[in-house]
Structures are given as structure tokens and as C-alpha cells.
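Contents: one structure, followed by commentary.
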Amino acid sequence: MQAIADKQGVKRYIISLTVNGDEYSPVIKGNTLLVNLLRDGLDLTGTKKGCELGDCGSCTVLMDGKPVDACLVLALEADGCEIITIEGVAQHGELDRLQRSFIDNAAIQCGYCTPGMILSAKALLARNPHPTEPEVRAAIAGNLCRCTGYVNIVKAVLDAAEVTA
Amino acid sequence: MSQPTPAGLKSSARTYTHPGLPEPADKDYAVIGKSKPKIDAREKVTGQARYTADLKFPNMLYGKILTSPHAHARILSIDTSEAEKIPGVKAVITHKDVPTLKYGISPARWDENIFCIETVKFVGDKVAAVACIDEETCYKALKAIKVEYEVLPAVLDPLHAMDEDAPQIHPEYPLNKNTEIHQNFGDVDEAFRQADYVRTDMFVGNRTYQAPMEPHTATSIWQGGKLTVYSSTQSPHYFQYYIAREFGLPMGDVRVIKTYVGGGFGGKLEPTGLEFAGAVLARLTGRPVKMFYDRAEMFAHNRGRHRQYMKLTTGVNADGRILGVHADFIMDGGAYTSLGIATAYYAGAMLTLTYDFENYRFDMNRVYTNLPACGAQRGHGAPQPRYAFEAHLDNIAKDLDIDPLEIRLRNARKPNTITPNEFVVNSCEMVACLEQARDISGWADKKGKLPAGRGIGVATGSFVSGAGYPIYRTDLPHAAAMIKVAEDGTAATLYTGATDIGQGSDTVLCQMAAEAMGYTYEQMKIVAADTETTPHDFGAYASRQTLMSGAAVKEAGDEVRKQLLEMAGEMVDLPPERLSVRLGRISAKDNPEITLTFEEAARTFFVQKGPLMGRGSYAPPKLGGKHKGAPVGTSPAYSFAAQVSEVEIDEETGEVAVLDVWDVHDCGQVINPALLHAQVHGALYMGMGESIWEEVRFDAKGKIQNPTLGEYRLPTALDMPRIHSSLVPSYEIAGPWGVKEVGEGATLPTMGCFRNAIFDAMGISVNSLPLTPEKVWAALREKRKANGEDIWDPMACECFLE
Ligand code: FES
Ligand code: FES
């Protein structure tokens with residue numbers, strides 16, 4: 001990985017990563033968080049920040065298919081990785097079945113947790129297309145929602161799983 | 001078996017008849033009453049929805065606030081010179097650089113300054129602020145500001161705040177008394193004398209925090225003399241009013257714009273240091289400044305639920321009819337007033353709603369402490385007293401050997417009555433809620449028949465559908481709306497100051513507009529909560545928007561329909577009364593052959609007469625009595641709810657597993673059933689968190705010990721019980737189409753309901769919130785000891801002794 005130092009001697013690194021299918025080679029600092037690279041560097045503000053401590057899951061993105069809290073991942077660690085953010089879930093303007101299901105099940109209130117929830121759920125359905133209700137609850141247990149009591153979110157994920165059945 | 005009323009005492013409520021139009025026979029609605037998808041759903045599932053922190057402006061700076069590390073200290077000096085030298089620091093401000101006018105959301109007690117001048121009053125109090133080229137530089141700059149403090153003794157225990165020798169927090173408010181209330185209705189002493197049974201209980205609530213997922217953010221931009229603030233707010237209007245007041249600006253030169261808001265629950269109702277400091281920093285630097293709190297700063301800013309100490313005394317007849325109640329409370333207000341005067345009044349005022357009694361005394365002291373200020377959290381002041389009263393009532397029921405559901409049915413409020421504190425209740429299906437909760441929960445088969453360790457409990461709640469009076473004195477209507485139909489009639493835009501913070505007001509108001517206009521929901525657009533482009537509305541608090549904003553929207557929609565049908569009448573040569581419009585189709589009432597589309601008539605209207613627009617506004621009637629504090633708790637309408645829950649207790653660990661909750665609500669005509677039940681789910685979730693886990697805790701120096709979502713312990717998807725949300729038919733004469741509130745009411749019964757279920761399961765009373773495993777375990781031990789069981793005491797074991 002190429003590194004350059006600024007006048008104060010602080011190093012910058014050039015990393016390469018794929019975000020929603022597009023390749024980027026941003027220059028970042030060693031302490032740049034993936035969530036800040038996505039939001040500030042690439043203007044992908046669909047990824048939210050609710051705590052920056054790994055508690056809330058608002059910043060969930062898929063890193064090589066696995067859900068991660070982007071506030072706990074250094075941008076450096078994402079070098080060479082494939083990242084999917086909420087902006088990359090709908091394809092050509094067509095909503096993903098999970099997105100549709102969240103709408104149809106009234107699983108959205110303020111919507112702040114929604115991007116993270118959808119990505120956690122997407123990862124679940126990819127590894128387990130027919131989850132049970134406890135499995136759905138476990139998969140989103142790291143995504144806090146203050147509005148919905150999770151009731152309709154769990155329903156939405158189970159419904160979306162049905163569609164693939 | 002009902003007993004006669006004792007002589008000289010009023011025993012049941014005065015009745016009242018609302019002068020409005022009765023419930024319509026034909027309720028064949030085309031748009032309302034249907035579970036339409038949220039109008040903003042697509043934006044929210046695709047990540048397109050932009051919240052305040054997502055906005056970027058050219059040349060924008062980042063700002064942060066420096067806060068106090070001490071609970072109570074005198075500021076001796078502030079030295080910003082080192083911070084100013086750091087490259088990238090564009091401005092550093094302290095109290096010397098900002099207006100010193102005191103502010104606060106409650107006009108009766110303006111007690112906050114933008115930055116502290118002489119003393120800091122809690123850990124987190126605002127001292128200075130910086131604007132820098134990026135976030136990292138902000139933290140460097142904050143570290144470089146040197147503040148010298150003389151630490152002062154602090155008031156951390158609200159029960160000793162009023163002691164003669166307690167440190168004084170605000171010199172203007174002796175004995176740290178912020179709000180003192182003494183209200184008296186009927187004759188409580190006589191009621192207690194005549195009662196067959198009088199009981200007193202003490203309960204303690206918990207300090208909780210709204211914890212919306214989106215942290216507060218505000219971005220301030222000056223364009224010449226005009227200030228624009230983008231903010232995560234529940235009320236652009238109050239922000240505009242208070243920002244204009246602080247800076248001496250005409251309200252027209254302050255524009256507050258709400259973006260998408262990631263939840264509020266009462267915590268985003270008042271402007272914070274972010275708006276005030278940001279405005280000054282933006283003016284000094286001539287650049288947009290984005291200010292934000294991180295999660296720990298959110299907890300420190302607080303404005304969450306007050307901890308209340310609640311003593312209740314109630315006198316009843318032998319058959320459990322309530323004759324009189326005395327509520328004697330103290331609440332920990334924290335360092336400032338916030339919305340706490342209203343909270344203090346609400347705490348007592350709302351106790352009179354669900355049960356019918358005529359003799360009531362309410363005493364309250366809201367005290368200042370050196371802890372973060374408390375304000376309005378979902379249910380505003382009412383949930384903890386409700387928990388206390390419901391627990392107290394179960395104790396009475398047990399003493400008198402009456403079934404808890406039965407004692408509630410005997411006392412349940414009836415429609416068209418007046419409470420002792422002069423609230424007029426029109427619709428009230430309290431009895432139906434209780435009966436339905438009893439039936440769907442299988443109460444009769446479960447009460448007293450559940451296996452060991454299981455229990456079932458019941459509780460009630462009621463809440464306002466909008467406050468009868470605004471927060472500051474003004475004769476502005478409470479809500480206003482405009483609808484503009486597009487030139488070709490293919491769309492209509494609703495302009496409203498109503499504030500969608502996630503609860504779905506944009507959606508239900510568009511449904512209401514379409515219903516009134518005879519249009520389709522799918523063609524509606526909305527512009528909301530921008531003080532410059534949308535007409536005034538007080539915003540999202542006190543569960544007001546469906547009824548109040550809805551009434552304004554209905555009036556605007558009715559006006560569009562009237563003009564449209566007049567135009568259509570001219571076009572088909574019929575008087576407008578003989579035409580009707582539904583879902584965009586205009587037809588003659590007596591001749592289905594004659595039809596016309598909404599678009600055709602709207603387009604012709606525009607060509608001939610100009611823009612087709614409707615306007616509406618809403619002001620509640622004059623409400624309430626004449627006693628001090630009478631306005632708090634007044635409302636055009638009240639929701640009612642009953643909840644039953646079933647719990648299982650692990651005797652070894654004290655852990656409480658909530659298995660099922662049945663919520664039955666009387667919330668009038670429903671506009672969007674899916675969103676309504678979602679409100680119940682969310683309210684219950686918050687109630688459940690507050691019941692069992694959530695509590696902001698402090699160390700011995702007044703510093704928060706758990707300012708993170710994990711340690712504060714927000715419930716996760718794994719913690720939730722099965723929720724059954726159900727409704728009883730109801731129609732509210734004071735609301736458009738008969739609507740009432742739902743969003744806050746469902747938080748009210750939950751805490752008492754769980755406590756009562758635990759009481760039923762184990763015969764133990766946990767008299768303080770939250771109902772943690774430790775407390776349940778300790779209560780179980782006490783009970784076993786009292787029963788003479790020989791119990792090993794781990795604390796007496798030598799290995800635990802020093
Ligand atoms: S912001 Fe990353 S987990 Fe909360
Ligand atoms: S919808 Fe608001 S946090 Fe989940």
C-alpha cells in the first residue's frame with residue numbers, strides 16, 4: 001500500500017476498495033474510520049452514525065458479504081475489500097425484496113436504523129434463506145431501533161424470506 | 001353490591017355534552033382508515049433520505065462545544081489563546097462572545113445561558129465552543145482551551161436539595177425549588193374520613209433518556225442578516241421563536257428547516273447549544289457551521305424523563321370505589337428548567353383521567369440538582385405516576401380481595417364526564433378497553449391459575465391529543481395548512497408546519513388531505529416543517545398532530561373540494577351540491593353517467609381563475625379550569641388504553657421475562673392502521689425498556705456512568721415479548737373524522753402493568769423502577785426471610801468481608 005507523509009509527518013495511505021460495484025482509490029489517514037470514508041469521502045450518507053462505538057448498528061455495511069459496524073472498521077482494513085452500502089442494495093432503481101418488504105410491513109418509522117437493519121437482514125438471508133423468527137431476532141440484535149419495537153422489522157424480514165421460498 | 005355514596009361527598013364525575021356534530025352514520029372513507037405505505041418509505045429504504053448530519057454545504061466548518069467536567073464549580077478563568085493558534089481553528093467562543101440573555105423552553109423560568117458565566121451546574125454544562133475545518137481539529141481545539149475551576153459542593157440527591165444547608169444552584173430560586181405545586185379539588189380529608197379503607201404507598205421512578213437513534217445536529221448559515229438553521233428538531237416553530245428572541249432578530253429573518261429526523265420522543269423539542277453556539281460561530285466566521293453531539297454528549301444534554309419520588313394515599317369504599325386520592329411527589333429536575341414546569345404539573349394532572357374520583361390533592365416539588373436537566377419524554381411526566389398509581393391500586397385490590405381487573409372496571413371513567421381538575425372528556429372507552437384486554441388475554445383462565453413463577457397484570461393509561469395551550473403565551477392558531485393543486489391537476493402539494501420525526505405525520509396528513517379533497521393519496525406531495533415555506537404549526541409534542549394539524553389539513557382540503565366542485569358544476573351545468581368527488585372522480589350524485597376527472601376540473605380552474613389552493617387552520621376551544629396550573633393537561637380529547645401482560649420470573653436470578661403484552665386502545669377514528677399499531681409497538685418498547693433495564697446512573701461526583709447505548713441498555717430485538725395491539729371502536733367529536741392520539745398513550749400503562757404481573761407471580765412488590773433482576777431477587781429474598789425460611793446471606797460470608 002502506498003503511503004505519503006504530510007508536512008507534519010502524518011502518513012496518508014492510498015487504498016483500493018470496491019463500493020457498490022465501483023472502484024475507488026481514496027487517500028486516507030491511518031485513523032480514518034470506514035464509516036467516515038463512506039459518508040464524508042464518498043458522500044454515501046445512507047450509512048448512518050448513531051454512536052460510533054459499535055453499539056447501535058446504524059453504520060452496518062457489508063464487507064465482503066459480512067455485516068460489520070463501519071464505525072469499528074478502519075478504512076485501512078477495507079483495503080482490497082468489497083463494500084455494499086444501502087445505496088447499493090436497489091439495482092437499477094428496482095427495490096430489493098427486503099426493501100419492498102420493509103415498506104409493505106410498515107417496518108420503518110424514523111428510518112435511521114433502516115439502512116443498517118436491511119443490510120444485517122440481507123446478510124442473514126444470504127447465509128440462511130429460510131430463517132426462523134429467533135434467527136431473525138438474533139441477526140438484528142446488534143441493530144438498535146428506538147421506534148418500532150422491532151415487531152414489524154422482524155415481520156418484514158420473515159416475509160422477505162418467504163418470497164424466496 | 002355497590003355501596004351508597006357517603007353523605008357530603010361527590011362520588012362520581014360531573015357529566016358534559018359536547019356541542020359538536022354527532023358521529024356520522026356513513027363512514028365509507030376512500031383514503032383514511034387504510035394502511036397506506038409511508039410517503040417517505042422509498043427514500044428511507046434506499047438511503048436517499050437525508051438527515052441533518054448528512055447535509056454538506058460549500059465552505060462548511062465543523063463545530064463542537066466544550067463542556068464542564070464538574071457537577072458544580074465556579075469558573076475562575078478561561079484561556080482560549082492556545083486553541084486559537086492551532087491551524088484549522090477558525091473561531092473559539094465563550095460567554096463573552098454571545099448574548100447573555102437567559103433562555104429556556106418554559107417562559108416562566110428562563111434559566112439557561114448559551115455558555116456558563118459564573119458557575120457550571122452539571123457535568124456537561126456548556127462552557128465554550130469552536131469552529132474548525134474538520135472534526136479532528138475540533139477535538140484538538142477543545143483540549144487546548146484552559147478553564148480554571150473552583151469546585152463547589154454539589155446537590156446530587158434530590159431528596160436533600162431543599163435542605164436549609166444544601167448548596168444553592170440558582171441564587172434566584174432559594175432552597176433549589178424550581179416548581180412548587182399545591183392543588184386541591186373536592187375534599188380529600190373528608191373522603192379519607194368516610195372511606196372504608198385508606199392506604200399509603202411510596203414509589204420511586206427512574207431517570208431515563210429518550211435515546212433517539214439520530215444524535216442532535218444543527219447547521220447554521222447566515223445570508224446577510226438572515227439566519228437559516230437546519231436542525232433535527234421536533235418543532236421548527238419553537239426553535240425559530242427562541243433563536244429569534246436570543247439574537248434580537250425578527251422571526252422572519254430566522255428560517256428553521258427540519259430535515260428527516262431520526263426520532264425525538266421529546267428530546268428534540270427545545271433548541272440546544274448547537275443552534276445558539278452554531279449561529280454565533282457561523283456569523284463570526286462567515287461560513288456554514290455544522291454542530292453535533294456525540295452519544296455521550298446526548299446523554300449529558302439529556303432533557304429525558306425526571307426521576308420522581310411518589311407518595312400516594314387513596315381512600316376507597318369496601319367495594320373498591322375510589323373516594324379520594326392524595327399524590328405527594330418530588331421530582332429531580334436537574335440543573336435547569338427545560339420543559340420541567342409542565343412535566344411537574346402533568347405528573348399530577350394526568351392521574352385523574354382513567355378512574356373516576358372527585359376528591360384529589362396534588363403536591364409537588366420539582367427541585368434543582370447538579371445533574372443534567374430533565375424535560376419531556378414520551379408520556380411527559382405521566383408514566384411514572386401512572387406506574388405508581390396502578391401498583392398502588394393493585395395493593396388496594398389485594399387488601400380488599402378484589403380482582404385487579406374488576407377494581408378497574410368499577411372505577412373506570414365514562415364518556416362525557418369532567419375530571420376533578422376540570423378536564424372535559426368526550427369520548428372514553430375505558431370500560432371497553434379493559435373488557436377487551438381481559439378477554440383477549442384470557443384473564444379469567446389465567447388469574448390465580450398460572451403455574452408457579454408466572455403472573456398476569458393489568459394497568460391503564462390516558463393521554464392528551466394535543467395540549468390545549470402552547471408553550472409560550474400567544475394567540476397564534478395551533479396548526480395551519482395550505483394545499484396547492486398542480487396546474488394540470490395531476491398532483492397536489494400539502495404545505496404544513498407539522499413535524500414528522502418518524503411517527504408518520506407526513507403520511508397521515510396526506511391521507512387526510514386526499515380524503516377531504518376527494519383525491520388519491522398516491523398523487524399527494526408534501527412540503528413540511530420549514531418555517532419559511534410552510535404555514536405555522538407548533539410541531540411534534542403532546543401527541544397533537546393527528547388531531548390538531550389534521551383539523552387544519554381537513555379544512556384546507558375541504559376548501560379545495562368546494563372550489564373544485566363549483567368549477568365542475570359550471571363545466572357540467574349542475575349546481576355543485578349535486579356533485580361529489582372521490583379518489584379523483586367527480587360524479588353527479590343522482591346521475592352516475594355524468595363524470596369528470598379531478599384533473600380536468602382542476603386544470604380548467606387554473607386556466608380560468610389561477611392557482612387552485614385551500615387553506616386551513618386550527619385553534620382549540622378555551623379549555624380548563626381557573627386554578628393555578630389549570631392549562632397543563634387540557635386537551636380537546638383524550639386517548640385511553642388498557643394493557644395486560646404476562647411475565648415469568650426466574651426465582652434464582654430475579655430475571656423477568658415478559659411473555660405477552662395485550663394493548664387495547666381507544667384512539668378514535670384510525671387514519672392509518674399499520675402506522676397506528678406501529679406506534680403502539682414503539683411506545684410499548686420504550687415503556688418496556690424503562691420498566692426493566694433503562695436508567696441513567698451517576699457516580700459520586702455527578703458524572704454519568706453509562707452514557708452509551710450498550711450500557712444504558714436499550715432493549716434489542718431479542719428482548720421483546722409477543723405484542724398484541726388491538727382497538728375498540730371509538731369516535732371523538734372534537735377531532736377531524738373523530739381522531740385522537742396514540743403515540744404516547746401506549747407508553748403509560750406498561751411499567752405498572754409489568755410491576756403488577758410480577759406482584760401477581762410472586763407476591764412481591766418492587767417499588768422502584770426499573771424492575772431489575774437485582775431488585776426482584778432482593779424482594780424475593782425478603783419475602784422468603786419473612787416467611788421464616790433460612791436464607792444464606794452471601795454478604796455475611798467472611799470471604800466478602802474486608
Ligand atoms: S455508529 Fe457504528 S455501531 Fe453505532
Ligand atoms: S425506525 Fe427509528 S430507529 Fe428504527
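Scan region B:172-230 for residues that are within 14 Å of chain A (Cβ to nearest Cβ) and of a type in the set (Gly, Ala, Ser) and jot them down.
At the first step, the residues of region B:172-230 found to be within 14 Å of chain A (Cβ to nearest Cβ) are B:208-217, B:219, B:230.
Once the filter is applied, which keeps residues that are within 14 Å of chain A (Cβ to nearest Cβ) and of a type in the set (Gly, Ala, Ser), region B:172-230 yields only B:Ala211.
The conditions are (1) over 24 Å from the mean Cα position of the chain (by Cα); (2) open to solvent by less than 30 Å² (accessible area, probe 1.4 Å); (3) farther than 21 Å from B:Ser465 by Cβ, and B:Ala388 fails exactly one of them. Which is it?
(1)
Which residues, taken from region B:188-221, are under 32 Å from the mean Cα position of the chain (by Cα) and either surrounded by fewer than 20 Cβ atoms within 10 Å (Cβ to Cβ) or among the polar types (S, T, N, Q) (or both)?
Within region B:188-221, B:Arg199, B:Thr200, B:Asp201, B:Met202, B:Val204, B:Asn206, B:Thr208, B:Gln210, B:Thr217, B:Thr219, B:Ser220 qualify.
Out of the residues in region B:66-90 that are in a loop (DSSP other than H, G, I, E, B) and within 30 Å of B:Pro153 (Cα to Cα), which is most open to solvent (accessible area, probe 1.4 Å)? Let's see the steps before the verdict.
The initial filter retains those residues of region B:66-90 that are in a loop (DSSP other than H, G, I, E, B), namely B:68-72, B:80, B:86-88.
Subsequent filtering for residues that are within 30 Å of B:Pro153 (Cα to Cα) retains B:68-72, B:80.
On the way: B:Ser68: 3, B:Pro69: 78, B:His70: 55, B:Ala71: 8, B:His72: 11, B:Thr80: 26 Å².
Checked region B:66-90; the qualifying residue most open to solvent (accessible area, probe 1.4 Å) is B:Pro69.
Among the candidates B:Val560, B:Val607, B:Val572, which residue alone is closer than 30 Å to B:Asp475 by Cα and not assigned by TED's automatic domain parsing to the domain that holds B:Val742?
On the way: B:Val607 fails: closer than 30 Å to B:Asp475 by Cα; B:Val572 fails: closer than 30 Å to B:Asp475 by Cα.
Being closer than 30 Å to B:Asp475 by Cα and not assigned by TED's automatic domain parsing to the domain that holds B:Val742 holds for just one of B:Val560, B:Val607, B:Val572, which is B:Val560.
Name the one entry in B:Tyr238, B:Tyr230 that is part of a helix (DSSP H, G or I) and at pLDDT 95 or above.
Numbers: B:Tyr230 fails: part of a helix (DSSP H, G or I).
None of the other options fit; the residue is B:Tyr238.
Within the set of pairs 6 or more residues apart or between chains, which connect a residue that is over 11 Å from B:Val261 (Cα atoms) and within 7 Å of chain A (Cβ to nearest Cβ) inside region B:44-59 to a residue that is of a type in the set (Gly, Ala, Ser) and open to solvent by 10 Å² or more (accessible area, probe 1.4 Å) with Cβ atoms less than 7 Å apart?
So the pair list comes out as B:Thr46/A:Ala90.
If you check A:Gly88, A:Gly50, A:Gly116, A:Gly54, which single one turns out to be under 16 Å from the mean Cα position of the chain (by Cα), more than 12 Å from ligand 1 (Cβ to nearest atom) and more than 22 Å from A:Ala3 (Cα to Cα)?
A:Gly88
Scan region B:266-291 residue by residue and report those that are in a helix (DSSP H, G or I), open to solvent by less than 10 Å² (accessible area, probe 1.4 Å) and touching a helix residue (DSSP H, G or I) at 6+ places or on another chain (Cβ under 7 Å). Full working, then the answer.
First, the residues of region B:266-291 that are in a helix (DSSP H, G or I): B:273-285.
Next, only the ones that are open to solvent by less than 10 Å² (accessible area, probe 1.4 Å) stay: B:273-279, B:281-282.
Of everything in region B:266-291, those that are in a helix (DSSP H, G or I), open to solvent by less than 10 Å² (accessible area, probe 1.4 Å) and touching a helix residue (DSSP H, G or I) at 6+ places or on another chain (Cβ under 7 Å) turn out to be B:Glu275, B:Phe276, B:Ala279.
Testing A:Ser101 on (1) hydroxyl-bearing (Ser, Thr, Tyr); (2) facing chain B (nearest Cβ under 7 Å); (3) touching a residue at least 24 places away in the same chain (Cβ under 8 Å), one condition comes back false. Which one is that?
Of (1) hydroxyl-bearing (Ser, Thr, Tyr); (2) facing chain B (nearest Cβ under 7 Å); (3) touching a residue at least 24 places away in the same chain (Cβ under 8 Å), only one is false for A:Ser101: (2).
Which strands (runs of 3 or more DSSP E) does region B:565-605 wholly contain that include 3 or more residues that are farther than 18 Å from B:Met517 by Cβ and of a type outside the set (Gly, Ala, Ser)?
On the way: elements: B:579-582, B:585-588, B:591-597.
Per the criteria, B:591-597.
Listed here are the residues, each with its yes/no results for (1) open to solvent by 10 Å² or more (accessible area, probe 1.4 Å); (2) more than 17 Å from B:Ala49 (Cβ to Cβ); (3) within 14 Å of ligand 2 (Cβ to nearest atom).
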{"site": "A:Leu98", "(1), (2), (3)": "no, no, no"}
{"site": "A:Ala106", "(1), (2), (3)": "yes, no, yes"}
{"site": "A:Leu124", "(1), (2), (3)": "no, yes, no"}
{"site": "A:His130", "(1), (2), (3)": "yes, yes, no"}
{"site": "A:Val136", "(1), (2), (3)": "no, yes, no"}
{"site": "A:Cys147", "(1), (2), (3)": "no, no, yes"}
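Please state which one of B:Leu400, B:Leu434, B:Leu450 is over 25 Å from the mean Cα position of the chain (by Cα), crowded, with 17+ Cβ neighbours inside 10 Å and at pLDDT 95 or above.
Going through B:Leu400, B:Leu434, B:Leu450 in turn, just one is over 25 Å from the mean Cα position of the chain (by Cα), crowded, with 17+ Cβ neighbours inside 10 Å and at pLDDT 95 or above: B:Leu450.
Would you check if A:Asn152 is within 16 Å of ligand 1 (Cβ to nearest atom) and closer than 16 Å to A:Gln99 by Cβ?
For A:Asn152, the condition - within 16 Å of ligand 1 (Cβ to nearest atom) and closer than 16 Å to A:Gln99 by Cβ - is not met.
Kindly list the number of the only condition in (1) touching a residue at least 12 places away in the same chain (Cβ under 8 Å); (2) more than 16 Å from ligand 2 (Cβ to nearest atom); (3) open to solvent by 10 Å² or more (accessible area, probe 1.4 Å) that fails for B:Thr259.
The number of the failed condition is (2).
Name the residue, out of B:Lys703, B:Lys740, that is of a type in the set (D, E, K, R) and under 23 Å from B:Gly468 (Cα atoms).
Just one listed residue meets the conditions, B:Lys740.
Looking at region B:711-723, is at least one residue among the polar types (S, T, N, Q) and either touching a Lys or Arg at 6+ places or on another chain (Cβ under 7 Å) or crowded, with 21+ Cβ neighbours inside 10 Å (or both)?
No.
Within region A:114-144, how many residues turn out to be facing chain B (nearest Cβ under 7 Å) and touching a helix residue (DSSP H, G or I) at 6+ places or on another chain (Cβ under 8 Å)? Talk me through it step by step, then tell me what you get.
Going residue by residue through region A:114-144, those that are facing chain B (nearest Cβ under 7 Å) are A:114-115, A:118, A:137-138, A:140-141, A:144.
Okay, now just the ones that are also touching a helix residue (DSSP H, G or I) at 6+ places or on another chain (Cβ under 8 Å), so A:114-115, A:118, A:137, A:140, A:144.
The number of residues fulfilling the criteria is 6.
Taking the residues in region B:613-626 that are assigned to a loop (DSSP other than H, G, I, E, B) and open to solvent by 50 Å² or more (accessible area, probe 1.4 Å) as candidates, determine which candidate is nearest to B:Phe185 (Cα to Cα).
Only one residue fits best here, namely B:Lys626.
Filter region B:164-187 down to residues that are under 30 Å from the mean Cα position of the chain (by Cα) and open to solvent by less than 40 Å² (accessible area, probe 1.4 Å) and give me whichever is nearest to B:Phe329 (Cα to Cα).
B:Ile181
For region B:740-763, how many residues meet the condition of being closer than 16 Å to B:Val664 by Cα and hydrophobic (A, V, I, L, M, F, W, C)?
Of the residues in region B:740-763, 6 are closer than 16 Å to B:Val664 by Cα and hydrophobic (A, V, I, L, M, F, W, C).
Answer with yes or no whether B:Tyr62 is open to solvent by less than 30 Å² (accessible area, probe 1.4 Å) and touching a residue at least 60 places away in the same chain (Cβ under 8 Å). Walk me through it before giving the result.
Numbers: open to solvent by less than 30 Å² (accessible area, probe 1.4 Å): no; touching a residue at least 60 places away in the same chain (Cβ under 8 Å): yes.
For B:Tyr62, the condition - open to solvent by less than 30 Å² (accessible area, probe 1.4 Å) and touching a residue at least 60 places away in the same chain (Cβ under 8 Å) - is not met.
For residues that are closer than 24 Å to B:His237 by Cα and either in the same structural domain as B:Arg378 (by TED's automatic domain parsing) or part of a helix (DSSP H, G or I) (or both), tally how many sit in region B:497-520.
The number of residues fulfilling the criteria is 9.
How do the helices (runs of 4 or more DSSP H) wholly within region B:700-797 filter down when requiring 1 or more residues that are away from chain A (no Cβ under 14 Å): which remain?
Where helices (runs of 4 or more DSSP H) fall fully within region B:700-797 and carry at least 1 residues being away from chain A (no Cβ under 14 Å), they are B:750-762, B:773-786.
State which residue is nearest to A:Cys110 (Cα to Cα) when the search covers only region A:63-89 and only residues that are within 13 Å of chain B (Cβ to nearest Cβ) and surrounded by fewer than 23 Cβ atoms within 10 Å (Cβ to Cβ).
Of everything passing the filter in region A:63-89, A:Glu87 is nearest to A:Cys110 (Cα to Cα).
Would you check which residues across region A:6-52 are in contact (Cβ under 8 Å) with a residue 40 or more places away in the chain and within 16 Å of ligand 2 (Cβ to nearest atom) and list them?
Residues satisfying the conditions are A:Gly46, A:Thr47, A:Lys48, A:Gly50.
May I ask you to say which residue of B:Arg361, B:Arg295 is within 16 Å of ligand 2 (Cβ to nearest atom) and surrounded by fewer than 24 Cβ atoms within 10 Å (Cβ to Cβ)? Steps first, please.
On the way: B:Arg361 fails: within 16 Å of ligand 2 (Cβ to nearest atom).
From the options B:Arg361, B:Arg295, the qualifying one is B:Arg295.
Please tell me if B:Asn370 is farther than 17 Å from B:Asp319 by Cα and open to solvent by 10 Å² or more (accessible area, probe 1.4 Å).
Criteria not met by B:Asn370.
The values are calculated or read from the model by the stated rules, or taken from the named source; none is laboratory data. In this text the structure is predicted, and so the values were computed from the model without any measurement. Backbone-built Cβ (ideal geometry, glycine too); neighbour counts: all protein chains shown. Ligands, DNA and RNA are stripped out before the accessible areas are found, and what is left, the full protein with its side chains, is counted by its heavy atoms. Shrake-Rupley method; radii C 1.70, N 1.55, O 1.52, S 1.80 Å.
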